[in-house]
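Shown next, in structure tokens, is the structure this report addresses.
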Amino acid sequence: DVDEDRRRAKSKEGQRERRNHSVGVLVTMLLTVYLLFIGLHVSEGCTLENREQLLTITAHTGGSVLLPCYCTDLQTKPEKLKWKRPVEKKWVEIQIKSGQYRNRVQLVNDHSPGNLSLLISHLTEEDGGDYLCAVKGSHINIRLTLKVCTLENSERLLTITAPTGGSVLLPCSCTDLQTTPENFTWKKRKNEKRNRNTQTWEEISRESGQYRNRVQLFNDHSPGNLSLLISHLTNKDAGGYQCGVKGSLMIIRLTIEEPPQSLPFIPFALVTVILLHIIVAVVYYTSRTKGPARVHYSTADGDGVAVMSHNHIVRFAYDTAVVVRCSNNDDLAYREEVKQLIAWCESNNLSLNVDKTKELTVDFKRKHTVHTPLTIHSNTVESMKSTKFLRVHIADDLTWTTHTTLPCQEGTAAPSLPPHILLCRTL
């Protein structure tokens with residue numbers, strides 16, 4: 001029995017040794033295959049994607065561009081890498097830290113050693129042309145085309161007129177608003193001689209001279225917009241202006257005119273006071289002849305008064321007159337006053353008859369302009385040359401011709417009911 005146990009123990013030990021030997025052989029074989037694979041991978045090196053091909057890339061001057069170059073396996077690091085450009089028919093390596101590309105180029109291979117791309121910023125026209133990305137046994141060609149700034153309406157004369165004391169925008173822009181010109185200048189012609197050979201131009205400066213703190217460029221959002229804004233215009237600002245970039249320029253002739261003279265406020269105030277006195281006198285006369293029971297005159301007690309202090313609202317019985325002064329063709333206050341009056345009528349359960357509402361415009365300007373008609377509840381208010389209010393015929397020229405020529409006799413029946421609202425705006 002003892003001998004039998006010894007034989008069994010030796011048999012198990014032999015099996016264990018044979019098993020360990022087989023595992024060792026297998027591990028050795030796997031290690032050999034792995035080392036062989038690594039050796040083949042290293043010996044293969046970096047093979048460029050799109051090798052032996054020509055890539056075409058377009059970019060804008062003043063911007064940035066990425067020239068793509070990378071290994072088929074991004075984890076493969078090439079032994080040597082060179083970026084080159086042709087100089088006098090020879091490929092010369094680009095010096096990243098000196099020369100033309102100083103502080104403007106960088107390699108984009110921080111996370112992937114096989115990414116050999118080149119980033120160029122602040123592009124200039126000289127950056128355009130052919131590039132070569134080369135590693136051992138492989139290379140790729142790239143042709144970079146740059147879009148330069150070409151001015152809109154170049155070589156043409158543009159005429160602009162502006163008033164003294166105002167502002168003017170002198171337009172100048174590249175055909176492609178995303179293109180940033182390397183250099184551009186605004187100049188003003190010093191003399192107005194017709195002979196171009198004797199004309200002299202002076203560059204405009206925002207910091208000194210005639211245009212100090214009066215000019216501003218409009219290229220914050222669009223680098224290709226080179227327009228110039230001049231404020232607080234004077235007669236000295238008139239003349240020729242030149243917007244120029246490399247290889248392109250445009251000429252602008254600026255004419256300064258005196259703004260149209262508007263009537264002072266005093267004559268208008270005087271006319272308004274006279275008109276109000278006439279209306280009050282008629283109201284007083286009517287109240288005396290027909291008795292106080294017919295008079296419902298609204299004073300400035302907060303009941304339906306004008307919103308603006310310089311506007312006037314006069315109500316007598318069922319008739320209402322709104323007098324508003326508009327300046328520089330700005331009738332916003334006039335329309336707001338009418339809007340508030342309509343709201344007041346609705347809040348007080350009053351019905352407004354749009355058909356009997358008339359509009360009278362008193363325009364003091366020499367050249368009368370066409371005014372936008374007034375609408376109430378989607379209905380257009382009729383504009384009149386003259387209208388009757390409290391038995392007085394009021395004309396748009398504030399003359400008495402219409403009132404004196406039309407019969408106005410006490411007791412004569414009116415041809416139609418008086419308007420509910422008279423809207424009068426003076427310009």
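The values are calculated or read from the model by the stated rules, or taken from the named source; none is laboratory data. Fair warning: this is a prediction, and the values are worked out from it, not measured in the lab. Quick reminder, even Gly has a Cβ in these numbers, built from the backbone with ideal geometry, and neighbours come from all protein chains shown. Ligands, DNA and RNA are excluded from the accessible area calculation, which covers all protein heavy atoms including side chains. Shrake-Rupley method; radii C 1.70, N 1.55, O 1.52, S 1.80 Å.
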From highest to lowest solvent-accessible area (probe 1.4 Å; ligands, DNA and RNA excluded), V215, V87 read V87, V215
Can you tell me which lysines have their Cα less than 20 Å from the Cα of K388? Leave out same-chain residues fewer than eight positions away.
K290, K356, K358
Report E257's accessible area, 1.4 Å probe, all protein chains in place, as a number in Å² to the nearest 10.
100
With +1 on each Lys and Arg Cβ and -1 on each Asp and Glu Cβ, and nothing else charged, work out how big the dipole of region 58-191 is about its Cα centre, in Debye to the nearest 20.
420
So what's the gap between the Cα centers of region 200-228 and region 50-97, to the nearest angstrom?
38
Please report the accessible area of K90 (heavy atoms, 1.4 Å probe, ligands and nucleic acids excluded) in Å², nearest 10.
140
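Rounded to a whole number, what % of the accessible area of region 333-376 do carbon and sulfur atoms account for, probe 1.4 Å? Please list the in-between numbers first.
Numbers: 1390 of 2710 Å².
That fraction is 51 percent.
Mind checking the full-extension length gain between H221 and T175? Use 0.36 nm per residue of separation minus the Cα-Cα distance, one decimal, nm. Write out the running numbers ahead of the final one.
On the way: separation 46, 0.36 × 46 = 16.56 nm, distance 1.54 nm.
Going from the current span to full extension adds 15.0 nm.
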Accessible-area order for H139, H111, largest to smallest, probe 1.4 angstrom, reads H111, H139
Say each of E125 and K236 gets a label point 7 Å from the Cα, pointing the same way as Cα to Cβ; how far apart are those two points in nm?
3.5
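Which whole-number value in Å² is the accessible area per residue of region 80-214, probe 1.4 Å? Mind dumping the intermediate values first?
Working: 8660 Å² over 135 residues.
Ligands and nucleic acids excluded, the result is 64 Å² per residue.
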Note down the nm distance, to one decimal, between modelled labels 7 Å out along Cα→Cβ at R16 and at S383.
11.6
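Set the Förster distance to 51 Å, then compute FRET efficiency between V370 and E207 from the Cβ-Cβ distance, nearest 0.05.
Details: r = 45 Å, r/R0 = 0.89.
Given R0 = 51 Å and the Cβ-Cβ separation, E is 0.65.
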Where does each of W201, W91 land when they are ordered by accessible area, with a 1.4 Å probe and the largest first?
W91, W201
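For V92 and T200, what does the FRET efficiency come to when R0 = 41 Å and r is the distance between their Cβ atoms, rounded to the nearest 0.05? Mind showing how you got there, number by number?
Numbers: r = 43 Å, r/R0 = 1.05.
The formula returns an efficiency of 0.45 here.
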